[in-house]
Amino acid sequence: MFSKGESKKIRQEFWTTFGITYPKKWLLYNTKIKDVTLKFTFTTKLAQVSIDVEPQDEVIRAYYYDKLLSLKNIIISEYLDDIIFDEFYELENGKVISRIYVELPNVSVHNRKTWDDTMKFLHDKMLKLEIFFLEYKDFIES
């Protein structure tokens with residue numbers, strides 16, 4: 001078990017190592033669509049790469065989620081065949097968002113032995129997710 005401070009230090013070390021190993025300026029929050037972001041997640045249980053839709057307004061959230069859902073066949077056949085669509089994804093803090101994501105289970109930010117596989121997963125999947133997003137961005141926001 002790690003203290004909060006130790007856990008924070010390990011997480012910082014992971015993300016620093018990831019940035020050095022896979023140097024790239026990721027799109028992430030700079031999607032130019034308010035409330036739609038691309039995210040990396042790495043916890044003590046899993047790693048995820050996702051497109052998150054999290055506006056305050058449920059109508060807007062449903063609108064963007066439906067746009068992404070209409071592209072489901074394309075993203076599965078051309079980009080990420082293992083993508084998961086979840087209209088009501090609950091975050092650890094209890095907030096409900098819409099999320100489409102790919103996941104790598106059974107890895108932990110606290111276990112350095114899983115870091116190499118996780119970094120490769122995060123890099124490869126985010127690269128594909130970004131390419132998809134940039135290709136269909138105009139459709140998603142229209």
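Every number here is computed from the coordinates shown, using simple stated rules; none is lab data. Computed from a predicted structure; not experimentally measured. Using ideal geometry, Cβ is built from the backbone for each residue, glycine included, and neighbour counts are taken over all protein chains shown.
What is the Cα centroid distance between region 17-80 and region 91-113, reported in whole angstrom?
Here the two parts' Cα centres lie 13 Å apart.
Which residue, SER7, PHE121, ASN106, has the largest displacement toward the positive end of the dipole of region 4-141 when charges sit on each Cβ (Lys, Arg +1; Asp, Glu -1)?
SER7
Using a 10 Å cut-off around each Cβ, can you sort ILE20, ILE140 from fewest to most neighbouring Cβ atoms?
Starting with the residue having the fewest Cβ neighbours, the order is ILE20, ILE140.
So, counting K/R as plus one and D/E as minus one, what does the shell of residues with Cβ under 12 Å around TYR79 add up to?
That sum, taken over residues with Cβ under 12 Å, equals -3.
Compute the angle between helix 115-141 and the longest alpha-carbon principal axis of the chain, please, reported from 0 to 90 degrees and rounded to the nearest 10.
Long axis of 115-141 versus the principal axis of the chain: about 20 degrees.
Over the Cα atoms of the chain, each weighted equally, I'd like the Debye log10 I(q)/I(0) at q = 0.14, 0.16, 0.18 Å⁻¹, rounded to two decimals.
-0.68, -0.88, -1.08
Among the listed pairs LYS39/LYS72; LYS32/LYS72; LYS45/LYS120; LYS4/LYS32, which are separated by more than 23 Å between their Cα atoms?
With Cα atoms farther than 23 Å apart: LYS4/LYS32.
Longest span of the chain, sites excluded, free of trypsin sites (Lys or Arg not before Pro) in DSSP loop with at most 11 other C-beta atoms within 10 Å?
46-94
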